[in-house]
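Peer 1: Let me give you the structure first, and then I'll get to my questions.
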């Protein structure tokens, strides 16, 4: 699955260059031109990394970073024309993972993005958490509110896919491709069967539903229907 990168930047010339380069490198790209829109996309698209301008109309980059850090550890690379030491310290203290000053070299920016994604992937590859549900990807052990959940291989792979992509609508075709490695075809109900098995195990003690059906599309993993 492609890594998703969110660009929050009001300079449309910079946005065009970044979008074109990132798409060429194989990333999926979302765009926002102000802080409010960027914060909304960060919460709904759950990107792998955010490239964030410091000076934005309305809500600035520092405030966006602080709000994202209230409930997410997604990597943030901050861009700004302000290159003073105090500015760098302020940006990093707000929760940014890296800081680049405009004008910047595109190759260096791409290298820093790759570095941040590698670090994030390493951190993500141990224990995934969503609400009261945890999944240890090393031991393949799942727990909900301290209750251990025994999973088959396909149930585990399905749950890992959902937990790595929370609040994103996943199509049936994409799930088949990622979990089974090929497309069963539109008439197959194997996915529905495994979703039912997984729901039963996750909700065995009356816990709230996490896997929700999006009719005609697929499924989404989130707190509320």
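Peer 1: With axes computed from alpha carbons, what is the tilt in degrees of helix 35-45 against the longest principal axis of the chain, rounded to the nearest 10 within 0 to 90?
Peer 2: Relative to the chain, helix 35-45 is tipped by roughly 20 degrees.
Peer 1: Next question. Take every DSSP beta bridge whose two residues both sit in the chain, then give the antiparallel share in percent to the nearest 5.
Peer 2: Details: 18 of 35 bridges.
For the chain, the DSSP antiparallel bridge percentage is about 50.
Peer 1: Show log10 I(q)/I(0) for segment 127-221 at q = 0.10, 0.17, 0.25 Å⁻¹, two decimals, from a solvent-free Debye sum over equal Cα scatterers.
Peer 2: -0.24, -0.71, -1.52
Peer 1: Once you keep just the Cα pairs under 8 angstrom separated by 6 or more residues, what percentage relative contact order results for segment 53-116? Don't skip to the answer; put the middle values down first.
Peer 2: Numbers: 62 pairs, mean separation 20.5, N = 64.
Relative contact order here is 32 percent.
Peer 1: For every helix of n ≥ 4 consecutive DSSP H residues, a contribution of -39,500 (n - 2.57) applies; sum these over the chain, divide by its total residues, and give [θ] at 222 nm rounded to the nearest 500 deg cm²/dmol. Spell out each step's value before the answer.
Peer 2: Numbers: 8 runs with 89 residues, N = 225.
Using -39500 (n - 2.57) per qualifying helix, the result is -12000 deg cm²/dmol.
Peer 1: Using Cβ contacts closer than 10 Å as the measure, can you line up 70, 40 from fewest to most? Each step should come with its number before you reach the end.
Peer 2: Values: 70 7, 40 11.
Least to most surrounded, the residues fall as 70, 40.
Peer 1: A further question on this structure: What number, in percent, do you get for the relative contact order of segment 4-123 if the mean sequence gap of Cα pairs under 8 Å and at least 6 apart is divided by its residue count?
Peer 2: Normalised by residue count, the contact order of segment 4-123 is 22 percent.
Peer 1: In addition: If you find the alpha carbon centre of segment 26-55 and of segment 112-173, how far apart are they in angstrom?
Peer 2: Centre-to-centre distance over Cα atoms comes out at 22 Å.
Peer 1: Also: Could you list 89, 51, 101, 29 in order of exposure, starting from the residue whose Cβ has the fewest other Cβ atoms within 10 Å? Don't skip to the answer; put the middle values down first.
Peer 2: Numbers: 89 11, 51 26, 101 15, 29 20.
Taking fewest neighbouring Cβ atoms as first place, the list is 89, 101, 29, 51.
Peer 1: Mind checking which of 33, 197, 156 has the largest fluctuation in a GNM of the chain, springs on alpha carbons under 10 Å?
Peer 2: 197
Peer 1: Just need the relative contact order of the chain here, percent rounded to a whole number, with Cα pairs under 8 Å and 6+ apart. Could the numbers behind the result be given before it?
Peer 2: Values: 322 pairs, mean separation 28.7, N = 225.
Once normalised by length, the contact order is 13 percent.
Peer 1: Is the shape of the chain best called rounded, prolate or oblate, per the rule: a/c under 1.5 gives rounded, else a/b larger than b/c gives prolate, else oblate, with a ≥ b ≥ c the square roots of the Cα gyration tensor eigenvalues? Spell out each step's value before the answer.
Peer 2: Working: a/c = 2.28, a/b = 1.88, b/c = 1.22.
Judged from the Cα gyration tensor, the chain comes out prolate (a/c at least 1.5, a/b above b/c).
Peer 1: How would 65, 134 line up from fewest to most surrounding beta-carbon atoms within 10 angstrom? Could the numbers behind the result be given before it?
Peer 2: Working: 65 25, 134 17.
Placing the least packed residue first, the sequence is 134, 65.
Peer 1: So, one more: What shape does segment 4-123 have by the C-alpha gyration tensor, where a ≥ b ≥ c are the square roots of the eigenvalues, rounded means a/c under 1.5, and otherwise prolate means a/b greater than b/c and oblate the rest?
Peer 2: On the way: a/c = 1.16, a/b = 1.09, b/c = 1.06.
Rounded shape, in that the Cα axes give a/c under 1.5.
Where a number appears in this text, it was derived from the coordinates with a stated rule and is not lab data. Being a predicted model, the structure only gives us computed values, none of them experimental. Glycine gets a Cβ as well: all are built from the backbone with ideal geometry, and neighbour counts include every protein chain shown.
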